[in-house]
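Structure record follows, encoded as C-alpha cells.
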Amino acid sequence: MHGRAWILLGCAWAALGVVLGAFGAHALKTTLAPEQLANWDTAVRYQLLHALALIAFGLFGERSSGKDYPGVLLLLGSFFFSGSLYALCFDVMPKMMGPLTPLGGVMMILGWLGFANEARRRR
C-alpha cells in the first residue's frame with residue numbers, strides 16, 4: 001500500500017475516534033457504568049494514538065519504500081483492541097471473544113516494533 005493510503009486510513013480512523021469519544025462523553029455518560037466509561041475512554045485513547053501512528057507510518061512510507069506489515073499490525077491491533085473494548089461496554093461480545101483485547105495489544109506492540117525495524121532497515 002502506498003504511504004498516502006496509510007495517511008488516509010489514519011485520518012479516517014482518527015475521525016471515527018473523535019466521533020466515538022464524543023459519543024461516549026455525551027450520549028453514554030448516563031447509560032454506562034463508570035467502569036464501562038473508563039473502558040470506553042481507553043478504547044478511544046488507543047484508537048486515536050494508533051490513528052496518529054498510521055499517519056506517521058504513511059508519511060514515513062512517502063519518503064522510502066518498504067514493507068507494510070507494521071501499518072497492518074497497527075491498524076488491525078487497534079481495531080481488535082479498541083473494538084473489543086467498545087463491544088464489551090455493551091455486552092454484545094461473547095465472553096469467549098475476550099482474548100481479542102490482548103491479541104490486539106500484542107499486534108499493536110508488534111506493529112510498533114515493526115515500524116522501528118523498518119526505520120532501521122530503510123535508513
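Details
- Test for F79: is it touching a Pro at 6+ places or on another chain (Cβ under 9 Å), of a type outside the set (S, T, Y) and either crowded, with 19+ Cβ neighbours inside 10 Å or touching a residue at least 12 places away in the same chain (Cβ under 8 Å) (or both): no
- Only one of the numbered conditions (1) buried (at least 17 other Cβ atoms within 10 Å of the Cβ); (2) over 29 Å from Y69 (Cβ atoms); (3) among the β-branched types (V, I, T) is violated by I7, and that is (2).
- E118 being crowded, with 19+ Cβ neighbours inside 10 Å and of a type in the set (D, E, K, R): yes
- Out of G66, G24, G10, sole residue that is of a type outside the set (V, I, T), assigned to a helix (DSSP H, G or I) and in contact (Cβ under 8 Å) with a residue 24 or more places away in the chain: G10
- So A53, is it in a helix (DSSP H, G or I), among the small types (G, A, S) and more than 22 Å from A15 (Cβ to Cβ): no
- Neighbours by Cβ (under 6 Å, 6+ apart or cross-chain): first from the stretch 104-121, of a type in the set (D, E); second surrounded by fewer than 16 Cβ atoms within 10 Å (Cβ to Cβ): E118/G66
Every number in this text was worked out from the coordinates using simple rules, so none of it is lab data. Just so it is clear, the structure is predicted and the values come from calculations on it, not from any experiment. All Cβ positions, glycine included, derive from the backbone under ideal geometry; neighbour counts span all protein chains shown.
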